[in-house]
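Here, each number is a calculation from the coordinates, and none is a lab measurement. All values reported here derive from a predicted model rather than from experimental measurement. Here Cβ is always computed from backbone atoms with ideal geometry, including for glycine, and neighbour counts include all displayed protein chains.
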Amino acid sequence: MNSALSIAHYLVRESIRNNIQLTAFKVEFMVCFAHGWHLAIDGRPLIDEPLKAYRHGPVIESVHKFYGKVKRIETTVNEDMIDCLKEQDREFLDGILVYYGHLNELEMQSLCIEEGTPWFATYKKSSGALVIEDQRIKVHYKLLHVSHPEFCDLDDPISIMATETNNH
């Protein structure tokens with residue numbers, strides 16, 4: 001597992017390198033998306049802290065607190081925090097950046113809070129900041145994974161299972 005801030009710093013650095021505009025909210029949403037897809041594909045959490053269901057969507061508190069105070073996101077990159085990321089995690093995050101980078105904040109928020117999402121299922125229980133269970137996130141993204149072949153690798157077990165099911 002990685003710190004959520006390490007993931008965020010990597011996404012910010014790579015967005016600068018690839019001329020993808022990020023905001024504080026977009027970074028946080030992208031870390032949420034990355035965590036969800038990682039749970040679905042790899043079966044393990046990507047980050048070491050929970051997602052919480054706040055009023056306007058999922059929140060990762062460390063990322064939210066850090067970027068909530070930043071005026072220029074491009075000045076936040078901490079290379080020391082990025083150095084600890086494994087190469088396979090970097091490649092995975094590059095895919096997340098390509099897949100979601102073109103969306104604006106409202107589009108990302110919509111993907112996070114629509115009916116059927118882990119946030120929706122958790123938040124409707126209370127108006128407080130409830131933890132969104134990783135198992136709920138994993139199931140949601142596994143379903144998305146099967147229905148979005150552009151995220152499929154030939155050697156990941158979900159894609160193999162989906163391909164075999166569709167071929168029979």
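Here are the numbers:
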| read-out | value |
| --- | --- |
| Residues located in the range 92-123, provided they are in a helix (DSSP H, G or I), under 15 Å from the mean Cα position of the chain (by Cα) and of a type in the set (Val, Ile, Thr) | Ile96, Val98, Ile113 |
| Residues being part of a loop (DSSP other than H, G, I, E, B) and loosely packed, with under 14 Cβ neighbours inside 10 Å - total across the range 71-91 | 4 |
